[in-house]
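Before any comments, here is the structure.
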Amino acid sequence: MKHLFTVFALSLLCLVLVRAAQAAPNFPSEVLTFEGLADDFRLPVSMKIRDMRKSFRIREIRPGEIEFLNDANKRVLTIALSRFLSKEATMRIEDTVIRSPDGKLLFKESIQTEGSELRLTAPVRRIFLEGRADYAISALNEVKKVVRISADEKEIFRFVSSRAADGKSTFTDIYIGDAKILAIRDLRNSSDTTRALEYEREAGRCDLTVFGGTLMMEWASVVSLRAVSEEKAGFLLNSHRYDANGAELFGLGPYLAKFNSAVYSPLVVQSAGGILNHIVNKQFPITQSVASIGANSRFLDELVNLRSQVEQAKANPSLLTSISTTLSSFVNSITEGSLVVDDKRPKE
């Protein structure tokens, strides 16, 4: 009898684990969730830090604070990480602060998470902005997350995410300055057979000035986009539906075109791309990928900037992956010296 009870208990446990491992239906890879949007959002800064690690010497001044040194042993940038985890492991705060040698705040990423049994993130990921941005609520033990991006002593972007009481659906609001521009709802039904991803762009305007660069944008109308993925019993493939402002879109292509113009282009390309690329290009030190063939080379500048833009433009991912790979090979070949460019055009 005891043996039968043990077998029954193990079978029940396996059933629970299998059910817990099942996720709601996924979307085609071209459909961006908030996780993918966040990764692309901070791309200009994370790519710059990656290039700096190749171009400068790194020294840890004190625990969690590093400096980048040039070949004259002069400091060109500092990154400081501060972390806090409550005694009950229900609150985690992780701040990454990047400053110029004279102390100017170039970039600050502050991520505050609420939940249960939280753990601190690996420090190298936060210090060097490696891997996924982690702006979204991903782990089941996370219930709320607030991400603040600051530069030039002011908050420029904010992401506020929360998990629904059912533990499945998540909600995210995105702000530029004080203006709320986007609401994202990632909805899942109780049986995890249907998942709906809803984007709603708010009407409004924003006006930001950071290190002399100005971002002015205005949205006159509300735009709603919805993608639905459904798993049907007995079928091998999930079914997908798309609509914009309540009207059905026939196929993935029209949805991506709407998404790019209403969400991706204004938020990632124009807003984040415009502001963060301005900060990186004007305030961060020149890295080896540029300095190796001269700071006045328009050709390399254009290639590096275009590579960043292509990584962000996801309207046609299958095509852009190929373009990005090609552009990256050009940049790498130039910096390695296997591709020699005699660029005599004047610097604009």
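Side notes on the structure shown:
- Assessment of region 35-57 against the conditions (in the same structural domain as SER162 (by TED's automatic domain parsing), among the β-branched types (Val, Ile, Thr) and farther than 19 Å from ALA136 by Cβ) yields at least one matching residue.
- Residue in region 213-220 that is over 23 Å from the mean Cα position of the chain (by Cα), surrounded by fewer than 16 Cβ atoms within 10 Å (Cβ to Cβ) and of a type in the set (S, T, N, Q) present: no
- Residue check for ILE149: crowded, with 17+ Cβ neighbours inside 10 Å, in contact with a Leu (Cβ under 8 Å, 6 or more places away or on another chain) and closer than 23 Å to ILE279 by Cα: no
- Of all the criteria given as (1) over 20 Å from the mean Cα position of the chain (by Cα); (2) among the β-branched types (Val, Ile, Thr); (3) modelled with pLDDT of 95 or more, the one not satisfied by THR96 is (1).
- Apart from one condition, MET47 fits all of (1) in contact with an Asp or Glu (Cβ under 6 Å, 6 or more places away or on another chain); (2) aliphatic (A, V, I, L, M); (3) farther than 30 Å from ASN238 by Cβ; (4) at pLDDT below 90; the exception is (1).
Conditions (1) part of a helix (DSSP H, G or I); (2) farther than 16 Å from LEU32 by Cβ; (3) in the same structural domain as ILE79 (by TED's automatic domain parsing), marked per residue:
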| position | (1), (2), (3) |
| --- | --- |
| TYR242 | no, no, yes |
| GLU248 | no, yes, yes |
| GLY253 | yes, no, yes |
| ALA257 | yes, no, yes |
| ILE275 | yes, yes, no |
| HIS278 | yes, yes, no |
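- Pairs meeting the criteria (first residue in region 173-199 and assigned by TED's automatic domain parsing to the domain that holds PHE159, second residue outside any strand (DSSP E or B) and among the hydroxyl-bearing types (Ser, Thr, Tyr), beta carbons under 6 Å, at least 6 apart or on different chains) are ILE176/SER271; LEU187/SER169; ARG188/SER169.
- When we screen ALA24, ALA38 for residues that are farther than 21 Å from ASN277 by Cα, at pLDDT 50 or above and of a type outside the set (Phe, Trp, Tyr), the only hit is ALA24.
- Taken over region 84-97, residues that are touching a residue at least 24 places away in the same chain (Cβ under 8 Å) and surrounded by 15 or more Cβ atoms within 10 Å (Cβ to Cβ) amount to 6.
- Filter result for ASP207 (touching a Pro at 6+ places or on another chain (Cβ under 9 Å), farther than 23 Å from ARG92 by Cβ, in the same structural domain as GLU35 (by TED's automatic domain parsing) and surrounded by fewer than 16 Cβ atoms within 10 Å (Cβ to Cβ)): no
- Strands (runs of 3 or more DSSP E) wholly inside region 99-179 that include at least 2 residues being within 22 Å of GLU200 (Cα to Cα): 142-151, 154-163, 170-176
- Residue match in region 112-128 (condition: in contact with a helix residue (DSSP H, G or I) (Cβ under 8 Å, 6 or more places away or on another chain) and either within 22 Å of THR33 (Cα to Cα) or among the aromatic types (Phe, Trp, Tyr) (or both)): yes
- In region 99-111, residue surrounded by the most Cβ atoms within 10 Å (Cβ to Cβ) [restricted to those that are closer than 23 Å to THR33 by Cβ and free of Cβ contacts under 8 Å to residues at least 60 places away in the same chain]: ILE111
The values are calculated or read from the model by the stated rules, or taken from the named source; none is laboratory data. Everything numeric here is computed off the predicted structure, so don't read it as measured data. Note that we place each Cβ from the backbone using ideal geometry, even for glycine, and neighbour counts take in every protein chain shown.
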